[in-house]
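Q: Please see the structure below; I have some questions.
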Amino acid sequence: MKFVSQLNEDYIPTLEIDKGKIVKNPETPERLKKVLKYFETFHERLEVKNYPLNLLFHVHPKWYVQHIKELSEKSKDNEYLPEVFLKDRIFDSGTPVTFQTYNAALSAVNATLTGAEEIVKTKENVYVITRPPGHHATTDFAGGYCFFNNAAIASTFLYSQIKEKICILDIDFHHGNGTQSIFYENPEIVYISIHGTPEHYFPWISGYKDEIGEGKGKGTNFNFPLSGKSSWNEYSIAFEKALDIITKISPAILVVSLGYDTHIDDPIGDFKLESRDFFQIGYEIKNLKIPTLFIQEGGYNKESNFEAASNLFKNFEKEVNLYA
Ligand code: OKP
Ligand code: ZN
């Protein structure tokens with residue numbers, strides 16, 4: 001399969017507030033370098049293209065995009081931590097803005113759209129290795145290290161091209177509150193997420209089971225909140241259910257919001273998935289036999305990110321069931 005990459009190496013946020021203390025921000029280019037190296041060795045790279053801002057405006061209003069640009073410009077000499085969330089349009093204190101934020105977030109969108117265009121043209125699987133991530137960004141709020149919602153922009157673009165159902169499977173440890181909210185009333189783009197329960201984990205505000213969509217989208221949003229410390233035993237039950245939903249819907253394209261922060265060695269996520277569990281994840285997604293666009297979300301340990309990615313894609317690209 002092909003991959004496209006944009007790590008935005010000049011975008012390095014350093015600050016985050018956690019439990020009242022300034023801590024080191026983990027969302028850095030370093031975290032994905034080993035994953036990228038692995039892909040560079042074995043896979044064909046697509047060059048990132050630039051797309052019109054209009055594709056962004058289908059998800060985020062112009063004023064919000066402009067606002068993120070202005071916040072970045074104002075952060076020329078000083079990384080900026082949001083203070084008044086409704087004014088800053090950033091909903092948490094873990095999402096600082098640097099001078100490079102706007103360009104990086106925009107480049108991540110372009111990388112993602114490059115992958116999306118390729119899958120429309122070829123119906124072949126693509127992996128977009130990029131940052132900053134996107135699934136926490138709503139139409140007009142940044143948060144959780146996310147500014148523009150890469151997966152939502154790609155899915156909106158995909159739907160506009162093929163006019164057939166799209167499913168988004170979000171397997172980052174955190175609930176993709178942004179993606180859910182963007183498609184909450186949209187029956188054509190179905191959101192399915194498995195994550196640490198919002199009772200105990202970021203983003204706190206959504207990800208409950210009873211959030212099923214609204215209006216025409218009622219019944220097309222699916223949340224599987226799990227208790228922290230879940231291992232493959234518990235995780236696999238939710239994962240099977242998620243895959244059953246996808247099989248029933250039979251979308252033309254599957255978008256996977258792919259986070260490796262479900263791995264036991266991740267410093268932020270709390271699940272206990274082992275490296276070998278990612279073999280099974282790869283196998284089962286492969287078994288759906290639906291063209292799949294993988295979009296990078298979280299994963300904050302360089303080594304476990306590599307273990308998870310290499311195992312997942314090794315099996316995604318062949319067909320062996322280690323657990324059978
Ligand atoms: C982004 B992604 C903030 C502590 C939590 C935010 C975590 C964002 C995860 N005070 N930080 O879904 O991996
Ligand atoms: Zn996450």
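The values are calculated or read from the model by the stated rules, or taken from the named source; none is laboratory data. Remember, predicted model here, so these are calculated numbers, not experimental data. In this analysis, Cβ positions are derived from the backbone assuming ideal geometry, glycine residues included, and neighbour counts consider all displayed protein chains. For accessibility, only protein heavy atoms count, side chains too; no ligands or nucleic acids. Shrake-Rupley method; radii C 1.70, N 1.55, O 1.52, S 1.80 Å.
Q: Only one residue in S231, S310 is more than 21 Å from Q180 (Cβ to Cβ), among the hydroxyl-bearing types (S, T, Y), away from ligand 2 (no atom under 16 Å from the Cβ) and crowded, with 18+ Cβ neighbours inside 10 Å, so which one is that? Break it down stepwise before answering.
A: Working: S231 fails: crowded, with 18+ Cβ neighbours inside 10 Å.
Sole residue among the options that is more than 21 Å from Q180 (Cβ to Cβ), among the hydroxyl-bearing types (S, T, Y), away from ligand 2 (no atom under 16 Å from the Cβ) and crowded, with 18+ Cβ neighbours inside 10 Å: S310.
Q: Related question: Quick one: in segment 291-307, which of the residues that are open to solvent by less than 10 Å² (accessible area, probe 1.4 Å) and among the hydroxyl-bearing types (S, T, Y) is nearest to ligand 2 (Cβ to nearest atom)? First the steps, then the outcome.
A: Filtering segment 291-307 down to residues open to solvent by less than 10 Å² (accessible area, probe 1.4 Å) leaves 292-299, 304-305.
If we keep only those that are among the hydroxyl-bearing types (S, T, Y) too, we end up with 292, 304.
On the way: T292: 19, S304: 13 Å.
Within segment 291-307, the match that is nearest to ligand 2 (Cβ to nearest atom) is S304.
Q: Something else: Which residues, taken from segment 234-250, are surrounded by 15 or more Cβ atoms within 10 Å (Cβ to Cβ) and either under 18 Å from G217 (Cβ atoms) or in contact with a Leu (Cβ under 8 Å, 6 or more places away or on another chain) (or both)?
A: Y235, A238, A242, L243, I245, I246, I249
Q: Something else about it: How do the pairs read when you match residues in segment 17-40 that are closer than 27 Å to D92 by Cα with residues anywhere that are open to solvent by 80 Å² or more (accessible area, probe 1.4 Å), using Cβ under 8 Å and keeping only pairs 6 or more apart or on different chains?
A: Listed pairs, sorted by first residue: P26/P267; T28/I12; P29/E9; P29/I12.
Q: Which members of segment 261-292 meet the condition of being aliphatic (A, V, I, L, M), in a loop (DSSP other than H, G, I, E, B) and within 17 Å of the chain's Cα centre (by Cα)?
A: Result: I268, single match.
Q: Could you tell me which residue of segment 188-208 is farthest from A137 (Cα to Cα), considering only residues that are open to solvent by less than 60 Å² (accessible area, probe 1.4 Å) and among the hydroxyl-bearing types (S, T, Y)?
A: T197
Q: Do any residues in segment 265-284 that are among the basic types (K, R) have Cβ atoms under 8 Å from those of residues that are within 16 Å of ligand 1 (Cβ to nearest atom) and open to solvent by 40 Å² or more (accessible area, probe 1.4 Å), where the two are at least six apart or on different chains, and which pairs are they?
A: K272/I264
Q: While we're looking at this one, here's another question. Check segment 37-54 and report whether any residue there is open to solvent by less than 80 Å² (accessible area, probe 1.4 Å), closer than 25 Å to F202 by Cα and either not in a helix (DSSP H, G or I) or not polar (S, T, N, Q) (or both).
A: Checking segment 37-54: not a single residue is open to solvent by less than 80 Å² (accessible area, probe 1.4 Å), closer than 25 Å to F202 by Cα and either not in a helix (DSSP H, G or I) or not polar (S, T, N, Q) (or both).
Q: Give the number of residues within segment 152-203 that are aromatic (F, W, Y), within 16 Å of ligand 1 (Cβ to nearest atom) and in contact (Cβ under 8 Å) with a residue 40 or more places away in the chain.
A: So the count comes out to 3.
Residues are listed down the side, and each one gets a yes or a no for (1) touching an Asp or Glu at 6+ places or on another chain (Cβ under 8 Å); (2) modelled with pLDDT under 95:
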{"site": "L7", "(1), (2)": "no, no"}
{"site": "K37", "(1), (2)": "no, no"}
{"site": "N50", "(1), (2)": "no, no"}
{"site": "L55", "(1), (2)": "no, no"}
{"site": "P61", "(1), (2)": "yes, no"}
{"site": "E73", "(1), (2)": "no, no"}
{"site": "E79", "(1), (2)": "no, no"}
{"site": "E83", "(1), (2)": "no, yes"}
{"site": "K87", "(1), (2)": "no, no"}
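Q: Does any residue of segment 209-222 turn out to be within 16 Å of ligand 2 (Cβ to nearest atom) and open to solvent by less than 10 Å² (accessible area, probe 1.4 Å)?
A: No, that holds for no residue.
Q: Within the set of pairs 6+ apart or on separate chains, which have a first residue in segment 295-311 that is hydrophobic (A, V, I, L, M, F, W, C), a second that is more than 15 Å from ligand 2 (Cβ to nearest atom) and open to solvent by 10 Å² or more (accessible area, probe 1.4 Å), and C-beta atoms under 6 Å apart?
A: Close Cβ pairs (under 6 Å, with a partner that is more than 15 Å from ligand 2 (Cβ to nearest atom) and open to solvent by 10 Å² or more (accessible area, probe 1.4 Å)) amount to F306/K34.
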